[in-house]
Amino acid sequence: MPGLSGPSDYSQEPSRHPCLHINAKEPFNAEPPRSALVSSYVTPVELFFKRNHGPIPLVDDIERYCVDISGLIETPKKLYFRDIRMLPKYNVTATLQCAGNRRTAMSITRKVKGVGWDVSAIGNAVWGGAKLADILELIGVPKLTSCTQSGGKHIEFVSVDKCEEENGGPYKASIPLSQATNPEADVLLAYEMNGEPLNRDHGYPLRVIVPGVIGARSVKWLDSINIIAEECQGFFMQKDYKMFPPSVDWGNINWNTRKPQMDFPVQSVICFLEDMQSIKPGKVRSLCIHGFIKVRISGYAVSGGGRGIERVDVSIDGGKTWMEATRFQKTGIPYIAGGISNDKWAWVLFELTVDIPQSTEIIAKAVDSAANVQPEKVQDIWNLRGILNTSWHRVHVRIGHSNM
């Protein structure tokens, strides 16, 4: 498209932070260390996980860059980048999480297919841009519309990046029109991340942000928007990112029996045990009292669909007993699930300071505002694509060592 192009090779990739753990080099997929996630409520751009399906697109002329909006509407429109920036700007704090987050742990139970992610295919950012509901209103689609006069019920986002799974074609995904036209859903065409222009890895110059939904629907490097009658028929909607039971394998799978995954379930992860990683035998000194050591356990918890986190339970004895962790988002503002002062689309961080035995298993599980709770065993939610591993998060610890 004019102004923005998708390269056919990886010779012009952007630079990345050296601390990222690279899970795949081409296309580039990487995540930060666990501890980086709880160092701040808003994830620094350079430490935000990188999820790509092809070479990173290049902008050659931002003045020529535009988005075509067409399909089952009466007045197709071409919106230039400058036009979008002139619309009212909104800042939405939202957590993006790859559906494959924690896939590696699921693969230990039984092998799955996909990029191997630890627990850091997730990040929280302040996204700035125009609301999609405002943009659609410009082309004659009123707010809170579920079907256009021509029968459009879904909004398809098409990228410029080239994907092997699409036989060299562009990445694409869709959401229901009713969600796109609802201002309260906060769907953005974003051009800023944490107060700065998007960088190339995260969709420069323009991307979609669909809060509360798996990251696969927040399309980067936006080329066009189509109003369509049925959901997008692209690979990543129809033959990927669907949740199947453990009984389904590659020999009996029928992709048509499941809907594309949208909201992500309730999730929590232990990211850091303060003092634990640096303690070595002989250096415990006063910290170790009667075989116990004081540590601060910290991590993140999140749920999809705008559901808040009602509780994070932590066990230091393998699940026999539980304690409730402290939850927080912004400094100085008490967190209440569903509270008007909190960010409904964002994760909460949690922490608990406690004396733990010198050798034990620490577990975290979260409960969201709809009383959904994480399943205990990964075996119960195993699926061949390794998505949505939201089982209890377990960390095995002995003084001087941990599996973190």
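The values are calculated or read from the model by the stated rules, or taken from the named source; none is laboratory data. What you are looking at is a predicted structure, and each value in this text was computed from that prediction instead of being measured. Here the Cβ is made from the backbone with ideal geometry for all residues, glycine too, and neighbour counts use every protein chain on show. In case anyone asks, the SASA skips ligands and DNA or RNA and just uses the protein heavy atoms, side chains included. Shrake-Rupley method; radii C 1.70, N 1.55, O 1.52, S 1.80 Å.
Count, please, the residues in the stretch 15-40 that happen to be assigned to a loop (DSSP other than H, G, I, E, B) and open to solvent by 30 Å² or more (accessible area, probe 1.4 Å).
Within the stretch 15-40, the subset assigned to a loop (DSSP other than H, G, I, E, B) is 15-20, 25-28, 32-33, 38-40.
Within this subset, residues satisfying the condition of being open to solvent by 30 Å² or more (accessible area, probe 1.4 Å) are 15-19, 25-27, 33, 38-40.
Adding up the residues that qualify gives 12.
Take Glu137 and decide whether it is of a type in the set (D, E, K, R), more than 22 Å from Ile214 (Cβ to Cβ) and surrounded by fewer than 19 Cβ atoms within 10 Å (Cβ to Cβ).
Values: of a type in the set (D, E, K, R): yes; more than 22 Å from Ile214 (Cβ to Cβ): yes; surrounded by fewer than 19 Cβ atoms within 10 Å (Cβ to Cβ): yes.
Criteria met by Glu137.
Could you pull out the residue among Asp343, Asp317 that is more than 20 Å from Gly215 (Cβ to Cβ) and either in contact with a His (Cβ under 7 Å, 6 or more places away or on another chain) or in contact (Cβ under 8 Å) with a residue 24 or more places away in the chain (or both)? Even if it seems obvious, please write down each step before you answer.
Numbers: Asp343 fails: more than 20 Å from Gly215 (Cβ to Cβ).
None of the others qualify; the one that does is Asp317.
Are there any pairs, at least 6 apart or on different chains, whose C-beta atoms fall under 8 Å, with the first in the stretch 221-235 and over 22 Å from Pro205 (Cβ atoms) and open to solvent by 10 Å² or more (accessible area, probe 1.4 Å) and the second at pLDDT below 95 and in a loop (DSSP other than H, G, I, E, B), and if so, which?
Hits for this filter: Phe235/Cys163.
Taking the stretch 48-60, which residues are farther than 15 Å from Trp117 by Cβ, at pLDDT 95 or above and open to solvent by 20 Å² or more (accessible area, probe 1.4 Å)?
Within the stretch 48-60, Leu58, Val59 meet the criteria.
Among the residues of the stretch 291-339, count how many are aromatic (Phe, Trp, Tyr), under 29 Å from Met262 (Cα atoms) and open to solvent by 30 Å² or more (accessible area, probe 1.4 Å).
1
I'd like to verify a number: residues in the stretch 140-162 that are more than 21 Å from Leu87 (Cα to Cα), open to solvent by less than 20 Å² (accessible area, probe 1.4 Å) and in a loop (DSSP other than H, G, I, E, B), how many?
2
Checking the structure you have, find out if any residue of the stretch 116-134 is of a type in the set (Val, Ile, Thr), within 22 Å of Asp83 (Cβ to Cβ) and open to solvent by less than 20 Å² (accessible area, probe 1.4 Å).
In the first step, residues of the stretch 116-134 are kept if they are of a type in the set (Val, Ile, Thr); the result is 119, 122, 126.
Filter once more, keeping what is within 22 Å of Asp83 (Cβ to Cβ): none.
No, the conditions are met nowhere in the stretch 116-134.
Matching residues to (1) modelled with pLDDT under 95; (2) of a type in the set (Gly, Ala, Ser):
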{"site": "Asp68", "(1), (2)": "no, no"}
{"site": "Ile84", "(1), (2)": "no, no"}
{"site": "Thr95", "(1), (2)": "no, no"}
{"site": "Asn124", "(1), (2)": "no, no"}
{"site": "Pro142", "(1), (2)": "no, no"}
{"site": "Lys162", "(1), (2)": "yes, no"}
{"site": "Gly169", "(1), (2)": "yes, yes"}
{"site": "Pro176", "(1), (2)": "no, no"}
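Within the stretch 82-95, is even one residue within 18 Å of the chain's Cα centre (by Cα) and over 22 Å from Ser174 (Cβ atoms)? Talk me through it step by step, then tell me what you get.
So the first thing to find is which residues in the stretch 82-95 are within 18 Å of the chain's Cα centre (by Cα), and the list is 91-95.
Those still in the list that are over 22 Å from Ser174 (Cβ atoms) too: 91, 93.
Yes, the conditions are met somewhere in the stretch 82-95.
Restricting to the stretch 340-371, give me the number of residues that are more than 24 Å from Ser35 (Cβ to Cβ) and surrounded by fewer than 17 Cβ atoms within 10 Å (Cβ to Cβ).
Within the stretch 340-371, residues that are more than 24 Å from Ser35 (Cβ to Cβ) and surrounded by fewer than 17 Cβ atoms within 10 Å (Cβ to Cβ) number 4.
What pairs can you find where one residue is in the stretch 378-393 and within 15 Å of Val269 (Cα to Cα), the other is surrounded by 20 or more Cβ atoms within 10 Å (Cβ to Cβ) and of a type in the set (D, E, K, R), and their Cβ atoms are less than 6 Å apart, with a gap of 6+ or different chains?
Cβ pairs passing all conditions: Asn389/Arg102; Trp392/Lys365.
Each row is one residue, and each column tells you yes or no for (1) within 28 Å of Gln374 (Cα to Cα); (2) of a type in the set (Asp, Glu); (3) in contact with a Phe, Trp or Tyr (Cβ under 8 Å, 6 or more places away or on another chain); (4) at pLDDT 60 or above.
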{"position": "Asn256", "(1), (2), (3), (4)": "yes, no, no, yes"}
{"position": "Val269", "(1), (2), (3), (4)": "yes, no, yes, yes"}
{"position": "Met276", "(1), (2), (3), (4)": "yes, no, no, no"}
{"position": "Pro281", "(1), (2), (3), (4)": "no, no, no, no"}
{"position": "Ser286", "(1), (2), (3), (4)": "no, no, no, no"}
{"position": "Ile289", "(1), (2), (3), (4)": "no, no, no, no"}
{"position": "Val295", "(1), (2), (3), (4)": "yes, no, no, yes"}
{"position": "Ser298", "(1), (2), (3), (4)": "yes, no, yes, yes"}
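Scan (1) out of contact with any Pro (no Cβ under 6 Å at 6 or more places or on another chain); (2) open to solvent by 60 Å² or more (accessible area, probe 1.4 Å) for the single condition Gly100 breaks and write down its number.
Status for Gly100: all satisfied but (2).
Among the residues that make up the stretch 355-363, is at least one of them closer than 28 Å to Phe244 by Cα, β-branched (Val, Ile, Thr) and assigned to a strand (DSSP E or B)?
Yes, the stretch 355-363 has at least one match.
Got at least one residue in the stretch 20-32 being closer than 30 Å to Ile228 by Cα and either touching a residue at least 24 places away in the same chain (Cβ under 8 Å) or not aromatic (Phe, Trp, Tyr) (or both)?
Within the stretch 20-32 (the criterion being closer than 30 Å to Ile228 by Cα and either touching a residue at least 24 places away in the same chain (Cβ under 8 Å) or not aromatic (Phe, Trp, Tyr) (or both)), the answer is yes, since at least one residue qualifies.
What number of residues in the stretch 163-185 are open to solvent by 10 Å² or more (accessible area, probe 1.4 Å) and outside any helix (DSSP H, G or I)?
Residues of the stretch 163-185 that are open to solvent by 10 Å² or more (accessible area, probe 1.4 Å), as a first pass: 164-172, 176, 178-179, 182-185.
Those still in the list that are outside any helix (DSSP H, G or I) too: 167-172, 176, 182.
Qualifying residue count for the region: 8.
Could you grab me the full set of residues in the stretch 200-210 that are touching a Ser or Thr at 6+ places or on another chain (Cβ under 8 Å) and either free of Cβ contacts under 8 Å to residues at least 12 places away in the same chain or in a loop (DSSP other than H, G, I, E, B) (or both)?
Within the stretch 200-210, Val210 is the sole residue that qualifies.
Which of the residues that make up the stretch 114-139 are under 24 Å from Glu13 (Cα atoms) and in a loop (DSSP other than H, G, I, E, B)?
Going through the stretch 114-139, the residues under 24 Å from Glu13 (Cα atoms) turn out to be 114-118, 120-125, 127.
If the condition is that a residue be under 24 Å from Glu13 (Cα atoms) and in a loop (DSSP other than H, G, I, E, B), then Gly114, Val115, Gly116, Trp117, Asp118, Ser120, Ala121 are the ones that fit.
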